[in-house]
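This report refers to the structure that appears directly beneath it.
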Amino acid sequence: MAEIALVTSSFLPRVGGVEEHVRHVAEQLRARGVDVAIWTVDRGDDVPADLDGIPIRVLPTPMPARSLRAALSFAWRAPRAALRWRRALRADRPAVIHVHCFGPNGAWATEVARFSRLPLVITSHGETFGDADDVFGGSALMRWALRRGIRRAAAVTAVSAFTARDLEERFGLEPGRAAIVMNGVDLDEESAGAPPLPARYFVALGRLVGTKGFDLLVRAFAAADLPEDVHLVIGGDGPERDALLSLAAKRGVADRVHLPGRLGRESVGPTVAGSLALVVPSRTEAFGIVVLEGWRGGVPVIATSHAGPAELVHDGVDGWLADPFDERALAAALERAVRERDEAERIAAAGRARVEEFTWDHVVDGYLAVYDEVAATPPAVGCLGIGDGQTSVRGSDQ
């Protein structure tokens, strides 16, 4: 029996922000004595059956569409999908259904929570504006589903105030309703060394898509007055790779811009720690978990002044904020990190102290407070017959 079902848009073997978030939350909940299960969308991946004993359910999430063929496909697949969700409910018997990164997973979880009369919690990770394919901009169905989910939810959380405001302004969330539960970082993550890198370099990390602003960073790097032995390393993969390499060539820095591909978790820490500074040039960013990577690594952080990172970073205190659209401003921040090393070291030390506030323990504290609030009243037995009468989701050690 699971007290919490974490319903995520994606999970292992895929990697990314929401996958890491859900993994760490699940592990911390279990460490607190809370039973937990992970429900993830069936994307055709070879998903493990469990995460160190935490069950993982792979569930289909067909969505209707306008074409006749798509409508017939949905009519065929939906009953079978509903059966899979019902089996997951019966196997895990959750007291709370918690959606992470709303998509088709959230649409299905909303209906399952409604019919089973279980509390629904929705956590937004910035998917409404940070998705590279702009799913919510292009799909009226997904916009409707999210609004419906927010109305149905017993609680809504967001990883930043900026993310919460987007839900308020575009998706009907009542102002002030969302609890802000920020991201975390593992301060004791094991490492296995960095890949071969230049002696002096800036580092940026993330999927190579337009929203991450790596093209803006390449432009600023090329415009900056930097020593020739200073390089730029962008760790990640994605559809913008060739365009970034082409841009670097056009700007005359092809020999100093390196795209080594996605770095394994064991290589992220050493790569960051060996850099002159970590740069987050995103056009928009829900939270900026990579900021925490820089703080943990003990290097100065240069972060976008747009959205979530501006809520984290105190400019000139524990990082530098720069508008990535302002090429000269971002270039000046890069120059400062190289030339003003005493200042850079002071800022790096302040960031390393700040990161202690962003452990996964702190994240789970926030979620446990939300769970206890929504589970204060025993859930009623619904039409699927899976209500379990739990009144708290805290383990025996709490």
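From the list Gly261, Gly269, Gly252, Gly235, the one residue that fits, being in contact with a Ser or Thr (Cβ under 6 Å, 6 or more places away or on another chain) and assigned by TED's automatic domain parsing to the domain that holds Leu334, is Gly269. For the stretch 66-108, which positions are outside any helix (DSSP H, G or I) and touching a residue at least 40 places away in the same chain (Cβ under 8 Å)? Across the stretch 66-108, the qualifying residues are Arg93, Pro94, Ala95, Val96, Ile97, His98, Val99, His100, Cys101, Phe102, Gly103.
Scanning the stretch 151-178 for residues that are part of a helix (DSSP H, G or I) and more than 18 Å from Ala286 (Cα to Cα) yields Arg151, Arg152.
Residues that are within 21 Å of Glu190 (Cα to Cα) and assigned to a helix (DSSP H, G or I): does the stretch 247-265 have at least one?
yes
Among residues of the stretch 230-248 that are more than 24 Å from Gly17 (Cβ to Cβ), those with a beta-carbon under 6 Å from a residue that is buried (at least 16 other Cβ atoms within 10 Å of the Cβ) and among the charged types (D, E, K, R) at least six positions away or on a different chain give the pairs His231/Arg256; Leu247/Asp215. You will find that of Ala164, Ala222, the residue that is surrounded by fewer than 21 Cβ atoms within 10 Å (Cβ to Cβ), in contact with a Lys or Arg (Cβ under 9 Å, 6 or more places away or on another chain), at pLDDT 95 or above and among the aliphatic types (A, V, I, L, M) is Ala222 and no other.
The values are calculated or read from the model by the stated rules, or taken from the named source; none is laboratory data. All values derive from a computational prediction rather than experimental measurement. Backbone-built Cβ (ideal geometry, glycine too); neighbour counts: all protein chains shown.
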